[in-house]
Amino acid sequence: MARGWVDAIVAAGAVPVSYVPEASIGRQADAAEATVAELVEDAELRTHRVDAAAPAPAAVSFLDGIQQWRVVGQSGVVPLVRAYVAAAVRRRGGDRRLRTVAERSLEFAITHVEALAAPVRRALEDSGVTVVNLAATDLGQPSRTLRAAHVQVDRAREQLERQLGERCVTDLRDGEWLIVDGLLSESELLARHPRTLGVIKSHGAQFFSGADLERALTVPAGHRTSVFAPQSHAHQPIYSWYLRLWPWEGNDLLYGLLRIEARAHRETVAAAAGASGWLVQERAPVSTPDERWDRLLYAIHDVETYLRARAPRDFLSPTASRLPRAAS
Amino acid sequence: MIQRQTPESIGRVVATELKPATPHQFHFWTANETTIGIGAIVKVEGPGAGDQGSGRVVFGVVTDGFAYSDLATPLHDVVGAEGDPAKAAERPTVRQEIRLWTAAVLRQEPEEPLQPVPLGAVYLASDADVAQALRMDAYLTGAQPTGIPVGLYTAAGHEAPVYLDADFLLGPEAAHLNISGVSGLATKTSAVEFLLASIFQHFPAHKGRIAALCFNVKGPDLCFLDRPGALDDADRRRYERLGITPQPFERVRYYAPCKADGVNLNTLRTHPDLVGDVEPLVWGLEEVLDFAEVLLNRDDIDAKADAFIDFLSDRVLNKEFDDGFGGSHRVQTFADLDGLFRAIFDGLELTGRSDMWRTHHIATIRKVRNRLSNISTRCKGLVTDDGPSNDLPWGRFEDRTVYVVDVANVDALGQDLVFARAVSKLREHLERRDLGVEAVVVFVDELNKYAPGDGPETYVRKMLLDISERGRYLGLVLFAAEQFRSQVHRRVVGNAGTTLFGRMDADELATPGYQVLSPATKIKLATLPIGELMVRHPHFTQPIFLRFPRPAVLRGRDGVERFPPATDLPFEDAVVRQLVRLDRRIRPNQVKDLIAERRPDDVRRALAAVRRTRPEDALAYFRRILGARVAPVTAPAREAVPPLNPISEEPY
């Protein structure tokens, strides 16, 4: 079906196009993070050496998702976007190898159906593809429309990750942990589970200022900050702390810096040192050649590689030149 | 013969722009823990395979293997482990790894149009797949199958019998077999012994009768082919799988020259229980003169010497001959010939006529005399000065019989002579179709000695070249072994339709002849365990690794331990032993009384006559021959040949 509905709308009069938005647009969620935090460990924000000898759990599952989208047709100024999202959980057991225990994927179209030319609209509806309809207010200049499409793709992926994570967390065995790439606080079930951790690599949200901010962003390698509770009405209550995997000196403040989210519970404070210890051990093997390797856990990188390997290949950027075709 | 098994997918073909699948090669990955390795035969089924009339099936043999992880650069491993190798082993997650294999295509179905290998599932080949992959189905089925079991293809705990095509191993389509490998580890002799047994049991009836002539050129290698060797359960299972009865050769005829005393045999098969089966191999002047060219080195070969030898063969040998000085000669032995030479030299000297005798220069005559007398000296025991010969049973070769000629302790010149004469006689009889069998396998070890890649052109090398190029039409098949294939004449090894490789020397593998092999195949060859071989055969488009059972015959070194060679007997006892072997009624004392105070040469001559005639009453015949030839005639005083005046600048 992947190519089926695209061919159908092109046959119905949509102009075939090929545009892959730049990945650098970034995620929208971070920018909307709470900007206030309340310390739940220590009277003031401090740094703590992690327990480097803390043993990793015997079994850990890792959850991550991917999203791919591209504009495949134009009906007038209305773009037709083809999107693909997928998520997977890969479990690491005693043999230290990762194996997939759950995965889901979804392919869908994004457009403003009502604004499509009638034949194109009919072709799209007849194709049976799931369509996410943009609001009429999102139409206009391409950048505006594409930003709206991007939000829809983000939402779809986050929803898929959440669904998969919630399914997986209910199946966790005794002593098994689930590491989620991203916010834990978007799911009540995940946020309340005692053995789930969210690992956040992007730091758009600011929780501290002044000396606390400096202390948080200059935490040395192998150290963590005090546990704090971000204050947000939009998310589930969780506890959080910063953790430095690699020395930032010589690079930048965010180099090797993670923010960890865990259940909002006093036991989390007690477990932060140990959990941070084995998370620091997760920096090896390094997840090169990914550019984010300084804060991308190898196991998460592995899930992402797995998902990309299974994604439809025609989402990749065309290798052909974008020069106009010569007349034949 | 062929067992079918349910195939089980073990991998998947992958192709990239840099490593594409082609009509001759493809790549596939397997689980990290896989049982396949270099040499494994696999089957690829393309999409639609199994559907009626659609799908492409490709058979391939694994020629190379790769393993790598997603590590971008080794430096990143160092960074991850903070420079401590111990920490690298403690990483919580094992990197993704791949086992990627390269396979060379053996066969495609359908064969036309020839296309790249489909990106399909990979299966380990079953028995039936192996037969199809190696195109054995063409000669294992039909009204007249021609399969000769050569060993078991072994991979991933699976064994499948592999057959050679008799039409391509023993003629007429192709022929000859060459086996190379390092001494002691390549098991070349064992492989040939096993294959000969297989041939004898599976040679197709419609192709007639077959025999083997083996030259034992070192130690006791081939001296116990009629004795059972030790086999274990694995060997017996392999024999059963190959459909071969594990038993020693039923009919083996041993030939060995005598020692210088003319009565003790020059072989390691002299244990009293076994020596009775060994026939003396003794040649006289006639046998040697036919192959006198063997005795002449490159510098000797000239038209004059050649013409004089032809003259002796055509005009002198076995004829009443007038030497031109009043003497009459009937030359039958070396002694007779020497008498003729002396008469010529004396005649020329005394008459002072010239330095020419019947258009032959005296220097040429002296040269030929030197070479001929040299062979009778260096190969005393093989070549008799004045006795009758005892030869292989030309014209009476028997089906499924091995003839072993033991020349291990014979001078190199004598070995050349034996080899040249035996093979030439085989050729003569096969051309006339009167050998007794339709095909003969000639096994020669140390081929690099007889047909070296460089060095002077010799009669033996020319003869081997001729056999290798034309023998297949005659049924004259050369099985040859050597340590270094690169040191053998290219045309000799090139004409071998079937080639076996045991464990190879790394330096040998670096020579240009092995460039077609992948590095992985070379390393496998360099580390090949005993009992495994790599085989190339015209039907197989790629080399195949095989395992063969130990031959069911007693190994040479075990044989000499179980049957230690007897010490040389005194002359009288040796004569007794030979006569008793011919007629068990003979009592030793009768013989000893007969030969007491007789000249050994006369005894030897009489013994040879008995051997050749094989009369009903051996002792009576021996007595008669001995009595007739040992009349108390005083030998005439031998006159020394007077020195010649300088008559030529030739140094002879």
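The values are calculated or read from the model by the stated rules, or taken from the named source; none is laboratory data. Keep in mind that this is a model prediction, so the values were computed, not measured. Neighbour counts run over all protein chains shown; Cβ positions are idealised from the backbone, glycine included.
Quick notes
- Scanning the stretch B:99-120 for residues that are surrounded by fewer than 20 Cβ atoms within 10 Å (Cβ to Cβ) and either in a loop (DSSP other than H, G, I, E, B) or more than 37 Å from the chain's Cα centre (by Cα) (or both) turns up B:Arg99, B:Leu100, B:Glu109, B:Pro110, B:Glu111, B:Glu112, B:Pro113, B:Leu114, B:Gln115, B:Pro116, B:Leu119.
- When A:Ala272 is tested against (1) within 14 Å of another protein chain (Cβ to nearest Cβ); (2) crowded, with 18+ Cβ neighbours inside 10 Å; (3) hydrophobic (A, V, I, L, M, F, W, C); (4) in contact with a strand residue (DSSP E or B) (Cβ under 8 Å, 6 or more places away or on another chain), only condition (1) is not met.
- Restricting attention to the stretch A:65-95 and to residues that are aliphatic (A, V, I, L, M) and closer than 30 Å to A:Pro247 by Cα, the residue that is surrounded by the fewest Cβ atoms within 10 Å (Cβ to Cβ) turns out to be A:Ile66.
- Only one of B:Pro646, B:Pro565, B:Pro538, B:Pro549 that is of a type outside the set (Val, Ile, Thr), at pLDDT below 85 and either part of a loop (DSSP other than H, G, I, E, B) or touching a strand residue (DSSP E or B) at 6+ places or on another chain (Cβ under 8 Å) (or both): B:Pro646
- Only listed residue being assigned to a loop (DSSP other than H, G, I, E, B) and within 18 Å of A:Val101 (Cβ to Cβ), chosen from A:Arg162, A:Arg167, A:Arg173: A:Arg173
- Hits in the stretch B:252-264 (condition: buried (at least 23 other Cβ atoms within 10 Å of the Cβ) and at pLDDT 90 or above): B:Tyr254, B:Tyr255, B:Ala256, B:Pro257
- Residue check for B:Asp221: in contact with a helix residue (DSSP H, G or I) (Cβ under 8 Å, 6 or more places away or on another chain) and charged (D, E, K, R): yes
- B:Asp129 meets the conditions (1) crowded, with 16+ Cβ neighbours inside 10 Å; (2) within 14 Å of chain A (Cβ to nearest Cβ) in every case but one. The failed one is (2).
- Residue satisfying condition, being touching a His at 6+ places or on another chain (Cβ under 8 Å) and outside any helix (DSSP H, G or I), within set A:Leu197, A:Leu178, A:Leu106: A:Leu178
- Checking each residue in the stretch B:206-265 for being more than 27 Å from B:Glu398 (Cβ to Cβ) and assigned to a helix (DSSP H, G or I) picks out B:Asp233, B:Ala234, B:Asp235, B:Arg236, B:Arg237, B:Arg238, B:Glu240, B:Arg241.
- Residue selected from the stretch A:280-299 under the condition within 15 Å of A:Gly256 (Cα to Cα) and not in a loop (DSSP other than H, G, I, E, B), by the criterion farthest from the other protein chains (Cβ to nearest Cβ): A:Val280
- Take the conditions (1) under 19 Å from the mean Cα position of the chain (by Cα); (2) within 14 Å of chain B (Cβ to nearest Cβ); (3) surrounded by fewer than 20 Cβ atoms within 10 Å (Cβ to Cβ); A:Phe62 misses just one of them, which is (3).
- Residue count for the stretch B:96-150, restricted to those that are out of contact with any helix residue (DSSP H, G or I) (no Cβ under 8 Å at 6 or more places or on another chain) and either free of Cβ contacts under 8 Å to residues at least 60 places away in the same chain or under 30 Å from B:Leu196 (Cα atoms) (or both): 17
- Checking each residue in the stretch B:483-517 for being surrounded by 19 or more Cβ atoms within 10 Å (Cβ to Cβ) and within 20 Å of B:Glu173 (Cα to Cα) picks out B:Val492, B:Val493, B:Asn495, B:Ala496, B:Gly497, B:Thr498, B:Thr499, B:Leu500.
- Restricted to the stretch B:374-492, the set of strands (runs of 3 or more DSSP E) holding at least 1 residues that are out of contact with any helix residue (DSSP H, G or I) (no Cβ under 8 Å at 6 or more places or on another chain) comprises B:401-406.
- Flag for A:His203 being modelled with pLDDT of 95 or more and touching a Leu at 6+ places or on another chain (Cβ under 9 Å): no
- Considering the stretch A:86-139, the residues that are touching a Pro at 6+ places or on another chain (Cβ under 9 Å) and within 14 Å of chain B (Cβ to nearest Cβ) include one that is nearest to A:Tyr19 (Cα to Cα), namely A:Arg92.
- Of the residues making up the stretch B:436-453, at least one is on the phi > 0 side of the Ramachandran plot, surrounded by fewer than 24 Cβ atoms within 10 Å (Cβ to Cβ) and at pLDDT 90 or above.
- Only one of the numbered conditions (1) out of contact with any Pro (no Cβ under 7 Å at 6 or more places or on another chain); (2) not assigned by TED's automatic domain parsing to the domain that holds B:Phe215 is violated by B:Gly497, and that is (1).
For every residue, the table says whether it meets (1) touching a residue at least 12 places away in the same chain (Cβ under 8 Å); (2) buried (at least 21 other Cβ atoms within 10 Å of the Cβ); (3) closer than 22 Å to A:Leu297 by Cα.
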position: A:Ala149; (1), (2), (3): yes, yes, no
position: A:Arg157; (1), (2), (3): yes, yes, yes
position: A:Glu161; (1), (2), (3): yes, yes, yes
position: A:Glu166; (1), (2), (3): yes, no, yes
position: A:Leu172; (1), (2), (3): yes, no, yes
position: A:Ile179; (1), (2), (3): yes, yes, yes
position: A:Gly182; (1), (2), (3): yes, yes, yes
position: A:Ser185; (1), (2), (3): yes, yes, yes
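- Qualifying residue in the stretch B:7-23 (condition: away from chain A (no Cβ under 12 Å), in contact with a helix residue (DSSP H, G or I) (Cβ under 9 Å, 6 or more places away or on another chain), closer than 30 Å to B:Leu140 by Cα and at pLDDT below 95): yes
- The set of residues in the stretch B:76-109 that are within 10 Å of chain A (Cβ to nearest Cβ), of a type in the set (A, V, I, L, M) and touching a Ser or Thr at 6+ places or on another chain (Cβ under 9 Å) comprises B:Val79, B:Val94.
- Within the stretch A:203-221, the presence of at least one residue that is surrounded by fewer than 22 Cβ atoms within 10 Å (Cβ to Cβ), touching a strand residue (DSSP E or B) at 6+ places or on another chain (Cβ under 9 Å), within 14 Å of another protein chain (Cβ to nearest Cβ) and in a loop (DSSP other than H, G, I, E, B) is confirmed.
- Residue in the stretch B:52-71 that is within 14 Å of chain A (Cβ to nearest Cβ), surrounded by fewer than 17 Cβ atoms within 10 Å (Cβ to Cβ) and of a type in the set (A, V, I, L, M, F, W, C) present: no
- Residue in the stretch A:235-250 that is farther than 24 Å from B:Glu90 by Cα, part of a loop (DSSP other than H, G, I, E, B) and within 14 Å of chain B (Cβ to nearest Cβ) present: yes
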